[in-house]
Amino acid sequence: MSKAVIEVKNLCKSYGEKAVLNQFSLSVEEGELVVLLGESGCGKTTLLRILAGLEKENSGKVMINGRLMEDKVSPNKRNIAMVFQEPALWNHMSVGKNIAYGMEKRDDKKICDIMNALGIEGLENRYPEEVSGGQAKRVALARALAADRDILFLDEPLSNIDEVTKKKILKYIDENYKGKKTILYVTHSRTEADFFGCRKIRMDAGE
């Protein structure tokens, strides 16, 4: 019997008078891939940032693996790897070092395999300023996958990527991570959402 890895209950978040999440609740089982679908500003990114411990909710509860996530549970203690809308790479590190950053022990074969799968092979010695926006996004995705955390938060991971490469990466995620990792996949693209054949949640105005 599957267990709930992520549980969100009556989550509320506002910025000033603007309500971004309004009594939002969600339960995600171990190994489940759930797509959060919706337009910009509907609360998808804010939800991920709260779950990851990067922002604080106004009210409600967040539980990960049965443990209540409080302020004292820092982001690096939540067993989460996250891809942000912006790549957020370390500019002083090479692509290879960026990808290896979250690994407990560097594994060059694993890094190479992931880079090949994402179509960024040969870039390991370049720096973020020397790659395109789409390549930088794939480096950020490679870093999250290489970290081998149990939970993946993917926030618009395939923006700025051409359609042929996008389909290749979607297939790679579907075959290698779906069912093995607990994944929240944020997108505004119905095509990406429909690819996985999984549970989809449409968010609108934080609900």
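The values are calculated or read from the model by the stated rules, or taken from the named source; none is laboratory data. Quantities reported herein were computed from a predicted structural model and do not represent experimental measurements. For neighbour counting, all protein chains shown are included, and Cβ atoms are generated from backbone atoms with ideal geometry for every residue, glycine included. Side chains are part of the model used for accessible areas, which takes the heavy atoms of the whole protein and leaves out ligands, DNA and RNA. Shrake-Rupley method; radii C 1.70, N 1.55, O 1.52, S 1.80 Å.
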Roughly how tilted is helix 108-118, in degrees to the nearest 10 and between 0 and 90, from the longest Cα axis of the chain? 80
Cα→Cβ-extended label distance, 7 Å offset, between Lys180 and Tyr127, nm: 3.4
Sorted by packing (mean other beta-carbon atoms within 10 Å per residue), highest first, where do 101-107, 32-38, 171-177, 117-123 land? 32-38, 117-123, 171-177, 101-107
Can you flag which of Lys56/Lys168; Lys18/Lys77; Lys9/Lys167; Lys61/Lys181; Lys72/Lys137 are past 32 Å Cα-Cα? Lys56/Lys168; Lys9/Lys167
Provide the per residue accessible area, probe 1.4 Å, for segment 56-129, rounded to a whole number of square angstrom. 63
Straight-line reach from Lys105: which aspartates and glutamates have a Cα under 15 Å away, not including same-chain ones fewer than 8 places off? Asp148
Between the modelled labels at Lys105 and Lys18 (7 Å from Cα along Cα→Cβ) the distance in nm is 4.7
Between 0 and 90°, nearest 10: helix 133-146 axis offset from the chain longest Cα axis: 80
Reported to two decimal places, what Rg/Rh ratio describes segment 83-192 when computed on Cα atoms with Rh from the Kirkwood expression? 0.92
May I ask you to order 135-145, 20-30, 42-52 by the average number of other C-beta atoms within 10 Å around their residues, highest value first? 135-145, 42-52, 20-30
Distance in Å, no decimals, from the C-alpha centre of segment 50-110 to the one of segment 27-44 is 17
Share of Cα-Cα pairs in the chain beyond 24 Å, whole percent, is 40
If you roll a 1.4 angstrom probe over the protein chains with everything in place, what fraction of the accessible area of the chain belongs to carbon and sulfur, to the nearest %? 45
Radius of gyration, Dmax [segment 34-127; alpha carbons; angstrom]: 16.3, 46
per DSSP, antiparallel bridges as share of beta bridges in the chain, % nearest 5, sits at 45
List the extent of the Cα atoms of segment 161-207 along each of their three principal axes, largest first, rounded to whole Å. 32, 26, 15
